[in-house]
Amino acid sequence: MKKIALWLMALTMAFNVNTVVAADVLLGPGDVIKVSVFGNPDLSLETRVSQTGSISFPLIGEVAIGGLAASEAEKKIASMLETGGFLRKPQVNLLVTVLQSQQVSVLGQVTRPGRYPIDGTRTLTDILALAGGVGPDGGDIVTIVRTRDGQTTKEAIDLVEMMRSGDFNKNLELTSNDVVYVERAPRFYIYGEVQRAGFFRLERDMTVLQALSAGGGLSPRGTERGIRIKRRDADGKLSEISAKMDDLLKVDDVVFVKESMF
């Protein structure tokens, strides 16, 4: 299951990242821009947008460009150069070299956690692809935390189910300051008379028999009779139950395999 999910994520990366068309992102504090004016190399400028959303441009001084798209900032600078009597019909070009104001945080079980720029339309799968995809210990569930109009919400998305069904309505478009968190894969534990005791990834609808297989099978002294599962309920109370081979495991179950008496 994990290999399938990773393969699908790699396929998504190859498709989505290469087909995203960069949009006119809004400029903000911390962004680094290059401005040039055709035929006027002395007006070329590379600078960082201040915390107040402005830059200092030759001849015209302070220019407020925070919240403007790059194309709008170009027109504003050109207009100020022309109305100030400095140039006639100037052709201004503005290029964003570092997009720091529009970023998404990717945390948890991904290959490269960090902050990634929203340079155009970016969906959940786009951002996960930029972060190198879900890591080896990552689960199928991704949580997105968003703040809109002062209200913070979170939504859990099942990546594997989304891929299986082909329903990409949950492949949400992300915006600046959204947080993507990839949960750790659920686990179970097995000990006693098995070849490899320890914790293992809990796959969907995993049975006791499959758990024994994950543990390398029974040891020479092990028996399938009398297998026990220790499980905590919602209140944290620990109980011990007798297990059959086709019983389904739950998150954090502890499977104990007894020694054969014969």
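The values are calculated or read from the model by the stated rules, or taken from the named source; none is laboratory data. Keep in mind the model is a prediction, meaning the values are calculated, not measured. Virtual Cβ from ideal backbone geometry, glycine too; neighbours counted across all protein chains shown. The area values use the complete protein model at the heavy-atom level, side chains included, leaving out ligands, DNA and RNA. Shrake-Rupley method; radii C 1.70, N 1.55, O 1.52, S 1.80 Å.
Screening Leu95 on (1) surrounded by 13 or more Cβ atoms within 10 Å (Cβ to Cβ); (2) touching a residue at least 40 places away in the same chain (Cβ under 8 Å) shows it passes everything except condition (1). Scanning segment 145-161 for residues that are outside any strand (DSSP E or B), surrounded by fewer than 10 Cβ atoms within 10 Å (Cβ to Cβ) and of a type in the set (D, E, K, R) gives a single hit, Asp149.
Summed over segment 98-116, residues that are in contact with a strand residue (DSSP E or B) (Cβ under 7 Å, 6 or more places away or on another chain), in contact (Cβ under 8 Å) with a residue 40 or more places away in the chain and either among the hydroxyl-bearing types (Ser, Thr, Tyr) or in a strand (DSSP E or B) (or both) total 8. Residue pairs whose Cβ atoms lie under 7 Å apart, sitting 6 or more positions apart in sequence or on different chains, and linking a residue in segment 75-90 that is without any contact (Cβ under 8 Å) to a residue 12 or more places away in the chain to a partner that is of a type outside the set (D, E, K, R), are Glu82/Pro90.
Is there a residue being open to solvent by less than 20 Å² (accessible area, probe 1.4 Å), in a strand (DSSP E or B), farther than 30 Å from Ser101 by Cβ and in contact (Cβ under 8 Å) with a residue 24 or more places away in the chain anywhere in segment 196-214? For segment 196-214, residues open to solvent by less than 20 Å² (accessible area, probe 1.4 Å), in a strand (DSSP E or B), farther than 30 Å from Ser101 by Cβ and in contact (Cβ under 8 Å) with a residue 24 or more places away in the chain: absent. Identify, please: which residue in segment 55-74 is of a type outside the set (Phe, Trp, Tyr) and either touching a residue at least 60 places away in the same chain (Cβ under 8 Å) or in a strand (DSSP E or B) (or both) and is, among those, farthest from Gln100 (Cα to Cα)? Going through the qualifying residues, I end up with Gly61.
Within segment 90-105, can you find the residues that are modelled with pLDDT under 95 and over 30 Å from Val145 (Cβ atoms)? Leu95, the sole residue that qualifies. For residues that are outside any strand (DSSP E or B) and either of a type in the set (Ser, Thr, Tyr) or within 7 Å of Val208 (Cβ to Cβ) (or both), scanning just segment 247-259, find the one that is most open to solvent (accessible area, probe 1.4 Å). Here the answer is Asp247. Arg164: open to solvent by 20 Å² or more (accessible area, probe 1.4 Å), in contact (Cβ under 8 Å) with a residue 24 or more places away in the chain and either within 25 Å of Thr143 (Cβ to Cβ) or part of a loop (DSSP other than H, G, I, E, B) (or both), yes or no? For Arg164, the condition - open to solvent by 20 Å² or more (accessible area, probe 1.4 Å), in contact (Cβ under 8 Å) with a residue 24 or more places away in the chain and either within 25 Å of Thr143 (Cβ to Cβ) or part of a loop (DSSP other than H, G, I, E, B) (or both) - is not met. For segment 96-114, check the following and say yes or no: at least one residue is under 30 Å from Phe256 (Cβ atoms) and of a type outside the set (Asp, Glu). Within segment 96-114 (the criterion being under 30 Å from Phe256 (Cβ atoms) and of a type outside the set (Asp, Glu)), the answer is yes, since at least one residue qualifies. In the condition set (1) more than 30 Å from Leu26 (Cα to Cα); (2) at pLDDT 95 or above; (3) in contact with a strand residue (DSSP E or B) (Cβ under 9 Å, 6 or more places away or on another chain), Asp233 is compliant with all but (2).
Return yes when Asp140 is touching a residue at least 24 places away in the same chain (Cβ under 8 Å) and within 20 Å of Arg201 (Cα to Cα) and no when it is not.
Yes: the conditions hold for Asp140.
Only one entry in Gly28, Gly85 is modelled with pLDDT under 95 and under 28 Å from Ile118 (Cβ atoms), namely Gly28.
Of all the residues in segment 128-144, those that are assigned to a loop (DSSP other than H, G, I, E, B) and open to solvent by 20 Å² or more (accessible area, probe 1.4 Å) number 3.
Among the numbered conditions (1) at pLDDT below 95; (2) within 36 Å of the chain's Cα centre (by Cα), the only one that Thr223 does not meet is (2).
Among Gln151, Gln210, which is more than 15 Å from the chain's Cα centre (by Cα) and modelled with pLDDT under 95?
Answer to the selection: Gln151.
Residues in segment 180-188 include none that are without any contact (Cβ under 8 Å) to a residue 12 or more places away in the chain, open to solvent by less than 90 Å² (accessible area, probe 1.4 Å) and either of a type in the set (Gly, Ala, Ser) or in contact with a His (Cβ under 9 Å, 6 or more places away or on another chain) (or both).
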